[in-house]
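A quick write-up on the structure given underneath.
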Amino acid sequence: MGEYDYERLLDRARSLVPEKLFAKDRFNVPPVSTFTEGNKTFILNFKEVCDTLNRDPSQIMKYLLRELATSGLVQGNRAIFQGKFSDSTLNELIKRYTKDYVTCPLCGQPDTVLKKEARVTILVCEACGARNPVRAI
Ligand SMILES: [Zn+2]
């Protein structure tokens, strides 16, 4: 490998770094902000969480309701659950959802979409092109 090629490789490596850092930066999933009232739990920043994950609120809600085995609804920016749930429980579920349904298992990037093909839900990565079937929600 000549000196020139090596320099070019270095330049290329350098040019790739900021992009990766950026991708990581913008993927800080905010912790849930909650309050309970009577026998209900509210996630006040639910829409913000869904926007960060780039997923439809109704889909994440469906996942949470199934995992919590309760009922609830999305109302504006908030999610409302029947029952009392701690921040740590909700954050843990969102973390699991992110791992199973957002982050690409191959390259670790969050730039993914869920596609339904012949009854199978597939996590398609827009960064590396990987396609991984996931459990239907
Ligand atoms: Zn990927």
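Since every read-out is calculated from the coordinates, none of them should be taken as a lab result. Everything numeric in this text was worked out from a predicted model, so none of it was measured. As a convention, Cβ positions derive from the backbone with ideal geometry for all residues, glycine included, and neighbour counts pool all protein chains shown.
Annotations for the structure displayed:
- FRET efficiency, Arg135 to Gln82 (Cβ-Cβ, R0 25 Å, nearest 0.05): 0.55
- Listed residues Asp56, Asp111, Asp87, most fluctuating in the chain (Gaussian network, C-alpha, under 10 Å): Asp56
- For the pair Leu106 and Glu48 in one chain, pulling the backbone fully straight at 0.36 nm per residue adds 18.3 nm over the alpha carbon distance.
- Chain lengthening between Leu9 and Gln59 when straightened (0.36 nm per residue, less Cα-Cα): 13.8 nm
- Around the Cα centre of the range 36-137, unit charges on the Cβ atoms of Lys, Arg, Asp and Glu (plus for the first two, minus for the last two) sum to a dipole of about 340 debye.
- Full extension of the chain between Ala118 and Val29 yields a length gain of 28.9 nm, computed as 0.36 nm times the residue separation minus the alpha carbon distance.
- Helical mean residue ellipticity (222 nm; -39500 (n - 2.57) per DSSP H run of 4+; nearest 500) of the chain: -14000 deg cm²/dmol
- For the chain, the cysteines with no partner cysteine C-beta closer than 4.7 Å are Cys50.
- Distance violations [Cα-Cα > 30 Å] among Lys47/Lys116; Lys84/Lys116; Lys47/Lys99; Lys95/Lys116: Lys84/Lys116
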